[in-house]
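Just below is one structure, and these are the notes that go with it.
Every number in this text was worked out from the coordinates using simple rules, so none of it is lab data. Quick caveat, the model's predicted, so the values are computed rather than measured. Because the Cβ atoms are built from the backbone with ideal geometry, glycine has one as well, and the counts that use them run over all protein chains shown.
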Amino acid sequence: MRILIVEDEPDLLAGLAQALREEGYAVDTADNGDDGLFNAEGTDYDAIVLDVMLPGMDGREVLRRLRKTKKTPVLMLTARDQTRDRVKGLDAGADDYVVKPFDLEEIFARLRALIRRSANQSSNLMEIGAVRINAAARTVTINGQMVELTAREYSLVEFLARHRGELVTRTQLYEHLFDENECSLSNLLDVHVSNVRKKLGAEFIVTRRGYGYCIE
Ligand code: CA
């Protein structure tokens, strides 16, 4: 899952980016509205965290312009005294908002809910044969036994599971699992796929040679 954060406070931006990476997300960042919009329009993010108060183009304007072309889920960050901004943000097409200062756990939970909703999944539990995925806890079991996955391996499994039965291309996986600095490492994906197969069985991820991957 790949997230874009648009926030102009350097400490908050860096802290949030690091926390989300530790949760296994690929994270791109922008510290102003113009760059944020440019990224948001150019990449299919799974969700965007967007501050309202930004230098130059503010968050509401970024959102208004983005909504002309994309439905990417957007979580707005607003200050406590900006109640009217919240209402305007939701009017402009925001999917949810969090009031600063916020708990990281609250951001994680809301992002999970937004991503789940946009994938039309009503449940956090997915079952594929003997494999059971709990997207709320970010855990995977096989025949009831917990499987140790790295954060990135987990993201790969969850992304494929949410697109079960569909062909997922390598390009899609690179776009959703890795940030802009990692995208140039062409064998990174193969390494993660190979590790997941060792842990969940060789048949769990099917290769469609020349096209991509699929979970049946
Ligand atoms: Ca700000």
Mind checking Rg over Rh on segment 125-214, alpha carbons, Kirkwood formula for Rh?
-> 0.94
So for segment 2-118, using the alpha carbon gyration tensor with a ≥ b ≥ c as root eigenvalues (a/c under 1.5 gives rounded; past that, a/b versus b/c decides prolate or oblate), I'd call it rounded
Pseudo-spin-label distance ASP103 to THR141, built 7 Å along Cα→Cβ, given in nm, is 2.5
Directionally averaged shadow of the chain, computed from the convex hull of its alpha-carbon atoms, nm² = 11.8
Ellipticity estimate at 222 nm from DSSP helix runs (n ≥ 4, -39,500 (n - 2.57)) divided over the chain, nearest 500 = -12500 deg cm²/dmol
Near-label residues of segment 152-170 by backbone N, under 14 Å of a point 7 Å along Cα→Cβ of THR207 | 170
Which links in LYS70/LYS100; LYS68/LYS100; LYS71/LYS198 stretch past 30 Å when you go from one Cα to the other?
-> LYS71/LYS198
Can you give the relative contact order of segment 1-150 as a percent, counting alpha carbon pairs under 8 Å and 6+ residues apart?
-> 16
